[in-house]
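What follows is a single structure, written as structure tokens, with notes after it.
The values are calculated or read from the model by the stated rules, or taken from the named source; none is laboratory data. What you are looking at is a predicted structure, and each value in this text was computed from that prediction instead of being measured. Glycine also receives a Cβ, built like all others from the backbone with ideal geometry; neighbour counts cover every protein chain displayed. Heads up: the accessible areas ignore ligands, DNA and RNA and are worked out on the full protein's heavy atoms, side chains in. Shrake-Rupley method; radii C 1.70, N 1.55, O 1.52, S 1.80 Å.
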Amino acid sequence: ENGRKYLTFEDGTRTYFPVRVPNTVKFKIDDRDPDDQYAKLYASDVVDTINSLRLPRYGLGNYVKESHRKPPTQSEVKALNDLSRAGKRLMGFCRTNIFKRLESSGQAFILSIERHILRNYIFLYAIEQGQPIPIGAQDVGLLVARINDEDADATSITSDLFENEDNTGENEIDDKGALKSEEDYKNRASEIYAKYALEYKNRFRWLRAELFSKALSKDLQSDGISLLEILKTCGDWDSTKDTKLEALYKMIAEKHPHEKIIVFTQFADTVRYLEKHLKLRSVSNLSGVTGDSPDPTALAWHFSPESNEKRGRIKPDDELRVLVATDVLSEGQNLQDCFIVVNYDLPWAIIRLIQRAGRVDRIGQKAESILCYSFLPADGVERIIRLRDRVRLRLQENAEVVGTD
């Protein structure tokens with residue numbers, strides 16, 4: 001009817017299919033401006049530093065001694081075998097994941113770098129003190145955003161330890177600016193190791209430091225110093241100079257000031273960052289949703305009460321206009337009170353983009369068009385991970401196989 005496709009229900013009512021309209025959101029990066037935060041992060045020396053990291057914690061199997069003064073126990077042998085199987089894949093995933101967090105937001109990247117340094121120094125503390133090393137889960141799933149939206153170096157254990165005293169939910173390493181030098185990280189590492197050994201002992205597998213070669217200590221130290229140099233060069237992240245955040249704010253406050261908007265990102269750190277700083281810019285009726293949220297479904301109801309048949313339970317004052325979410329909300333939720341989807345970063349898997357749009361493109365959607373906005377990765381990151389090219393190729397492959405748009 002009028003060129004629009006529709007379904008007719010048993011009672012004679014019609015539901016029309018909306019058209020998905022893709023849009024690109026651009027934000028400014030000026031390589032010539034010494035104060036441009038993104039230009040600093042995407043600089044070739046930062047990229048080269050990340051590419052040259054040894055990442056020993058993710059490849060511990062490469063550092064196991066061939067012979068031991070005191071042979072490993074049966075349980076240690078099993079743990080060592082597990083390490084050797086996971087190693088190379090994890091190291092590759094970790095390096096790429098650092099770039100993906102850089103593509104997501106400057107804040108998520110810097111937090112990840114800080115946590116990575118601290119974890120290295122926790123290992124170094126154990127080695128220097130002749131104490132057992134706390135081995136966390138060696139699982140690729142830790143680094144895959146669709147499985148785990150938290151930083152792999154900020155597990156449920158350490159996020160509690162790193163959280164600010166004002167409980168902002170930022171999961172920062174410590175009070176802002178507290179960890180600046182190598183000495184600061186060493187001191188904090190010794191405190192956290194003590195907590196691991198006492199309060200969280202059963203959450204780790206513990207391996208004697210003497211089972212590993214001296215190269216482990218050397219590479220942990222080398223990576224730590226290299227990453228500290230990145231933090232020194234880039235400085236603290238200033239949200240008031242974040243041009244990507246500014247572009248999102250203008251879309252929400254100026255381009256679509258009254259419509260419902262859902263913003264998707266892969267990482268919980270980016271959700272927390274956007275939620276905090278959009279609220280500081282007076283964006284109201286906004287909430288963030290991550291895998292750590294106590295009740296994502298309740299927030300979906302507050303954002304989309306009509307399509308969830310909860311209008312009688314949700315007061316107008318409690319209704320949400322903006323939802324910032326990880327892909328925890330890209331499956332199994334009715335969000336079709338909204339017709340604007342924003343991809344703040346691009347996922348590896350093309351299916352995630354389709355699933356995100358599919359949360360609002362469902363039976364009951366009344367808008368004629370679904371607006372799908374995407375922030376593309378900056379050129380500096382694109383050169384490294386070729387994300388746009390991969391997504392473009394996957395779109396083309398999908399079209400050839402199933403004739404989809």
For Arg388 paired with Glu1, estimate the spin-label separation in nm (one decimal), with each label point 7 Å from Cα along the Cα-to-Cβ line. 4.1 nm
Nearest 10 degrees, 0 to 90: what angle lies between the long axis of helix 214-234 and the longest principal axis of the chain (Cα atoms)? 50 degrees
State the answer as a single residue: which of Leu7, Gly130, Leu102 lies farthest towards the positive end of the charge dipole of the stretch 1-131, with beta carbon charges of +1 for Lys and Arg and -1 for Asp and Glu, about the Cα centre. Gly130
With +1 at each Lys and Arg Cβ and -1 at each Asp and Glu Cβ, the charge dipole magnitude of the stretch 1-98 around its Cα centre, to the nearest 20 debye, comes out at 560 debye
Sequence gap at least 6, Cα distance under 8 Å: using those rules, report the relative contact order of the stretch 1-59 to the nearest whole percent. 15 percent
Please list the non-local residues whose amide H lies under 5 Å from the amide H of Leu376, H modeled 1.01 Å from N, same-chain partners needing a gap of 5 or more. Val25
Only Lys, Arg, Asp and Glu count, each charged at its Cβ (+1, +1, -1, -1), so figure out the dipole size of the chain about its Cα centre, rounded to 20 debye. 1120 debye
Heavy-atom accessible area of Cys234 with all protein chains present, probe 1.4 Å, nearest 10 Å²? 20 Å²
May I ask for the angle, rounded to the nearest 10°, between helix 268-280 and the longest principal axis of the chain, with both axes built from Cα atoms and the value confined to 0 to 90°? 60 degrees
Relative contact order in percent for the chain (Cα pairs under 8 Å, 6+ apart) equals 22 percent
Ignoring ligands and nucleic acids, what accessible area does Arg205 show with a 1.4 Å probe (Å², nearest 10)? 90 Å²
Cα shape, the stretch 1-125, gyration tensor, a/c 1.5 rule: oblate
For the chain, share of DSSP beta bridges that run antiparallel, in % to the nearest 5: 25 percent
Contour minus Cα-Cα span, Ser222 to Ser284, at 0.36 nm per residue, comes to 17.8 nm
Label points 7 Å out from Cα along the Cβ direction at Asp31 and Leu231: separation in nm? 2.9 nm
Note the full-extension length gain between Asp11 and Glu210 as 0.36 nm times their separation in residues minus their Cα-Cα distance, in nm to one decimal. 64.2 nm
10 Å Cβ shell holding at most 11 others, DSSP loop, GluC sites (Glu not before Pro): longest site-free stretch of the chain: 166-308
Ordering Arg390, Arg20, Arg313, Arg272 from largest to smallest accessible area (1.4 angstrom probe), what's the sequence? Arg313, Arg390, Arg20, Arg272
Just want to confirm a number: the relative contact order over the stretch 196-307, from Cα pairs under 8 angstrom separated by 6+ residues, in percent. 14 percent
Note down the accessible area of Thr24, probe 1.4 Å, to the nearest 10 Å². 80 Å²
Can you give the angle from 0 to 90° between the axis of helix 106-128 and the longest principal axis of the chain, with both taken from C-alpha atoms, to the nearest 10? 20 degrees
Please state the charge dipole magnitude for the stretch 277-353, taken about the Cα centre, from unit charges on C-beta atoms (+1 on K and R, -1 on D and E), reported in debye and rounded to the nearest 20. 220 debye
Given 0.36 nm per residue, what is the gain on full extension from Asp45 to Glu199 after removing their alpha carbon distance, in nm? 51.4 nm
Where the chain is the region considered: accessible area per residue in Å², 1.4 Å probe: 49 Å²
Apportionment of accessible area to carbon and sulfur, the chain, percent (1.4 Å): 47 percent
Listed here are the pairs Lys250/Lys279; Lys244/Lys279; Lys40/Lys100; Lys26/Lys250; Lys26/Lys279; which of them are more than 18 Å apart at the Cα? Lys26/Lys279
MRE, 222 nm, helices only [DSSP H, n ≥ 4, -39500 (n - 2.57), over the chain, to nearest 500]: -13500 deg cm²/dmol
